[in-house]
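Notes follow the structure.
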């Protein structure tokens, strides 16, 4: 295949989905029929299936076909029964690879809901605050395991209800997901500190420095000294807050940024390698393969599939 046929498209950004585009003809519930919780069911192919994002959370249950799923900088496989929660403005797309002629009438059962109403309500209703840690994790996309049958029952119950009964069914669904311990985060690196505000502010300052100055030579020894900690104490503190050793975290943030550049720009891979802070292409390729399960060139090639006509 000629090299020019692999040239990346000029349009790299996800489409932002807005309310006016949510026609009942596409499977959305009519705005005058629903409130805070909105259900959506669609088959494939459909105009809804494309590389896109929106301001709401979206809870997906895949019911038919298999293929590739793109969530932020994560590329993986999907099959019927997959349950994924995506956070606000997190781009995503499911690309069916085994579609029979004529497509399928139902592929994806979806629930959409906004952040602000839950956040505000949790200030006066402590029970709702139990959802907030999961919603924070959803900024990176969450795939839940072993819940597909339960999720199907929950979705049908939410869809069949209206008003307060729908909100009650929705809360039951989210409560079961919040209690699920068998899950994985999909896109980039997630902080998981539950320490006091001062500790969280401290770790955020360290993480922000790493993120904003990726090309610098970050040293755990130097940071520990700057913070007045021994290196061993800093290492324990950092691992508790991020779930990673300092070196692993730096590598993951660098690879995450590399993924963004591979998807959103046409920069040569060797340029990206040094821009994100690696001092050799060999080390960059090795770390990328460890973290993403594929080479940078394979990631770039596969990421083109996110533009396929496929929610």
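The values are calculated or read from the model by the stated rules, or taken from the named source; none is laboratory data. Just so we're clear, the structure is a prediction, and the values are computed from it rather than from any experiment. When we count neighbours, we look across all protein chains shown, and the Cβ atoms used for this are built from the backbone with ideal geometry, even at glycine.
The figures follow:
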read-out: Scope the stretch 28-59; condition under 19 Å from the mean Cα position of the chain (by Cα) and in a loop (DSSP other than H, G, I, E, B); matching residues; value: 48, 49, 50, 51, 54, 55, 56
read-out: Residue in the stretch 249-267 that is more than 22 Å from the chain's Cα centre (by Cα), in a helix (DSSP H, G or I) and not assigned by TED's automatic domain parsing to the domain that holds residue 74 present; value: no
read-out: Selected residue (criterion: farthest from the chain's Cα centre (by Cα)) from residues of the stretch 67-88 that are in a loop (DSSP other than H, G, I, E, B) and farther than 16 Å from residue 110 by Cα; value: 73
read-out: Lone unmet requirement of (1) within 30 Å of residue 289 (Cβ to Cβ); (2) in a loop (DSSP other than H, G, I, E, B); (3) within 23 Å of the chain's Cα centre (by Cα) for residue 98; value: (3)
read-out: Condition met for residue 286 (assigned to a helix (DSSP H, G or I) and more than 30 Å from residue 202 (Cα to Cα)); value: yes
read-out: Count - residues of the stretch 44-55 that are in contact with a strand residue (DSSP E or B) (Cβ under 9 Å, 6 or more places away or on another chain) and surrounded by fewer than 20 Cβ atoms within 10 Å (Cβ to Cβ); value: 5
read-out: Residue 240 in contact with a strand residue (DSSP E or B) (Cβ under 9 Å, 6 or more places away or on another chain) and either at positive phi or not assigned by TED's automatic domain parsing to the domain that holds residue 67 (or both); value: no
read-out: Residue count, the stretch 220-246 (criterion: under 31 Å from the mean Cα position of the chain (by Cα) and exposed (fewer than 13 other Cβ atoms within 10 Å of the Cβ)); value: 1
read-out: Test result for residue 144, within 16 Å of residue 59 (Cβ to Cβ) and surrounded by fewer than 21 Cβ atoms within 10 Å (Cβ to Cβ); value: no
